[in-house]
Amino acid sequence: FARHTAADRIARYFDDRTAVEPNLAPVVAGLAARGGDASLYERYLARKRAASHDPEEEERFLLALTSFEDPDLIARTLALTFTDEVRAQDRAFLLAYLLAGRTSRRPAWAFVRDGWETYVLAMDPMLRQYVIRAMGSLTPSDLATEVDGFLATHVTDETRETTAQAREQLRLDAAACIRIGPALTTVLDR
């Protein structure tokens, strides 16, 4: 799927849900969002709000908000995360998706780091573990070092094992990125 194809399909989907096969709808919505602008973001947000009677559709468009790559739209999604727009049980997943995104990882990390005491620690420990696991995907070397240090000093009894696993995964993946990054760049540039 090219982005323009996804954008065309999601536009048709807004008018007719049968325009996209249900199992592909989240993928199409996410792919279309990657190049999306504020207007498309507003359509996604409106669709999420209108789908309160349809949890699958509501989740589809909530999570698709995490795929927008425009810095202002990433900031809007982060700001939305701990409002009444997002159910408490969905916040960890929203943060996890944002932490994993190639363009959203740095602002999401700053949001999590700066809001740790206020937002993350207030989450149910089981949900907090999703955020901690997602922090293991912050593999650029500068981020990996910072995140590892942060996790080392922010362990709680409820998340001790998850934190240890996330730190180990982070170290392994960051080292792999350093080791294979140059070769991968060479291959992809061909």
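Observations on the model:
- Loop-resident trypsin sites (Lys or Arg not before Pro) (DSSP state other than H, G, I, E or B) in the stretch 1-86 with no more than 13 further Cβ atoms inside 10 Å of their Cβ are absent.
- For Arg167, the shell of other residues with beta-carbons less than 14 Å away shows a net charge of -2, using +1 for Lys and Arg and -1 for Asp and Glu.
- Put simply, the convex hull of the Cα atoms in the stretch 66-118 casts, on average, a shadow of 3.3 nm².
- Debye intensity ratio I(q)/I(0), log10, the stretch 8-84, q values 0.16 Å⁻¹ (C-alpha model): -0.52
- Sorted largest first by accessible area at a 1.4 angstrom probe radius, with every protein chain in place, the residues Asp54, Asp189, Asp8 fall in the order Asp189, Asp8, Asp54.
- Average accessible area per residue (Å²) across the chain - probe 1.4 Å, nucleic acids and ligands excluded: 54
- Over the chain, DSSP H runs of length four or greater, each weighted -39,500 (n - 2.57), average out per residue to a 222 nm ellipticity of -22500 deg cm²/dmol.
- The share of accessible area on the stretch 1-133 that comes from carbon and sulfur is 52 percent, using a 1.4 angstrom probe.
- Taking the Kirkwood radius as Rh and the Cα radius of gyration as Rg, the stretch 45-134 has a ratio of Rg/Rh equal to 0.94.
The values are calculated or read from the model by the stated rules, or taken from the named source; none is laboratory data. Keep in mind the model is a prediction, meaning the values are calculated, not measured. Using ideal geometry, Cβ is built from the backbone for each residue, glycine included, and neighbour counts are taken over all protein chains shown. When the accessible area is computed, the model is the full protein with side chains, heavy atoms only, and any ligands, DNA or RNA have been set aside. Shrake-Rupley method; radii C 1.70, N 1.55, O 1.52, S 1.80 Å.
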